[in-house]
Amino acid sequence: MSSPLASLSKTRKVPLPSEPVNPGRRGIRIYGDVPASHDSELMAFMTRKLWDLEQQVKAQTDEILSKDQKIAALEDLVQTLRPHPAEATLQRQEELETMCVQLQRQVREMERFLSDYGLQWVGEPMDQEDSESKTVSEHGERDWMTAKKFWKPGDSLAPPEVDFDRLLASLQDLSELVVEGDTQVTPVPGGARLRTLKPIPLKLYRNGIMMFDGPFQPFYDPSTQRCLRDILDGFFPSELQRLYPNGVPFKVSDLRNQVYLEDGLDPFPGEGCVVGRQRMHKALDRVEEHPGSRMTAEKFLNRLPKFVIRQGEVIDIRGPIRDTLQNCCPLPARIQEIVVETPTLAAERDRSQESPNTPAPPLSMLRIKSENGEQAFLLMMQPDNTIGDVRALLAQARAMDASAFEIFSTFPPTLYQDDTLTLQAAGLVPKAALLLRARRAPKSSLKFSPGPCPGPSPSPQ
């Protein structure tokens, strides 16, 4: 009995037919049978992809170049704005030195200005700069600088920073440097001679010092402060160097408990009273009545503008101030100023309300005084308006005939009779002051007759 496997091995399958193979040669696959459309689509896709990449690379290259240029420009700017540290320090030092010189010059000018009026800049101590509101010290005494803001003759006391003991010690040290009785070569006209050094008398008061026989040098004087500064620093005063180049001893009189009276008079011991009050008032009245002693109210008003224009409204400036001063100052009779309503004034008022920021057109402001001088008419006109327009507006404002008055000016003396003449041609722009007078009868022409005694006679018409 045979096994199933044995039966399977006996049956063989017939192989499928295949392409004949040439023995001894390799099989070569021929792609010509693939459709051509697939190759063209692939080529077009790759070309498009390559072009996109090239454009992207070009754009990135341009962006990189632009950023490189910006970076280079910023680096140059940084180098320009950041100079060398040594140069910056030197430049800053020069600026500070220049500023210091300017401030010192200003301080000297201010001190010189104050000294011309007998004043001195006191300032404040360093420990009180941040606490200006503190005016009372711990012991309940007011700071001397706050209490002595205003100097009074004979009432100046030595400031606290003047240490009398230290000043006396410095004077003693300077005197020991020069032996009393030494000689000094002193130039004289035609040669030189020896002079024995004698101590300089120096009196130290509570409010100043005095060398030789005067004058008295108060502590608030800048020259006295420089002298004290030289002594406290261990130097002879600079004001004595010309006379004593090698130094000189001092003979000090300590009078720190005494106040030197600069006026040379002792204070009045009793209670003061005023005498001659009536004569004093009369003298003051005479001084006040002097025309050049003070500015009168009329002079003050003349310095103010007569009127201003704000948003088309003519505002009187002198009138309200004159009314205020009328109660205290005698003023002359006031001229009544009348603002005449003109078409130009109405148009300017509308323009200022509608467009206030636009520039105002050229105008002519006329101030015309009446015949008696009691009234003044203010007219705002256009430069191309005529004398006839002004005459008509005045006649309407005065309720009278336009032919009853004449318009003229005093400087230059001109009579405006031509009603067709424009204000621009008449020279009345931008403003002018005119006068009115009653119309005068026309003068007849005159002629002189011959003879020893000529006389005027009317000519025949």
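The values are calculated or read from the model by the stated rules, or taken from the named source; none is laboratory data. These figures come from a predicted structure and were not determined experimentally. Please note: Cβ atoms are built from the backbone with ideal geometry, for glycine as well, and neighbour counts cover all protein chains shown.
Scan segment 286-295 and tell me whether some residue there is among the hydroxyl-bearing types (S, T, Y) and modelled with pLDDT of 55 or more. No, segment 286-295 contains no residue that is among the hydroxyl-bearing types (S, T, Y) and modelled with pLDDT of 55 or more. Taking segment 349-461 as the region of interest, the strands (runs of 3 or more DSSP E) fully inside it that hold 2 or more residues being modelled with pLDDT of 85 or more are 364-369, 375-381, 405-410, 413-416, 431-438.
For segment 65-120, the candidate set comprises residues that are hydroxyl-bearing (S, T, Y) and over 30 Å from F219 (Cα atoms); within that set, the residue that is farthest from the chain's Cα centre (by Cα) is S66.
Test A169 against the criterion of being surrounded by fewer than 16 Cβ atoms within 10 Å (Cβ to Cβ), small (G, A, S), out of contact with any strand residue (DSSP E or B) (no Cβ under 9 Å at 6 or more places or on another chain) and modelled with pLDDT of 85 or more, and give yes or no.
Considered against the rule, which asks whether it is surrounded by fewer than 16 Cβ atoms within 10 Å (Cβ to Cβ), small (G, A, S), out of contact with any strand residue (DSSP E or B) (no Cβ under 9 Å at 6 or more places or on another chain) and modelled with pLDDT of 85 or more, A169 comes out as yes.
One residue stands out in segment 357-388 among those that are within 40 Å of the chain's Cα centre (by Cα) and polar (S, T, N, Q): the one that is farthest from A438 (Cα to Cα), namely N357. Scanning segment 207-257 for residues that are over 44 Å from the mean Cα position of the chain (by Cα), polar (S, T, N, Q) and farther than 28 Å from R193 by Cβ gives S253, N257. Taken over segment 415-440, residues that are surrounded by 14 or more Cβ atoms within 10 Å (Cβ to Cβ), of a type outside the set (G, A, S) and in contact with a Phe, Trp or Tyr (Cβ under 9 Å, 6 or more places away or on another chain) amount to 5.
A residue that is exposed (fewer than 10 other Cβ atoms within 10 Å of the Cβ), at pLDDT below 85 and not in a helix (DSSP H, G or I) can be found somewhere in segment 68-82.
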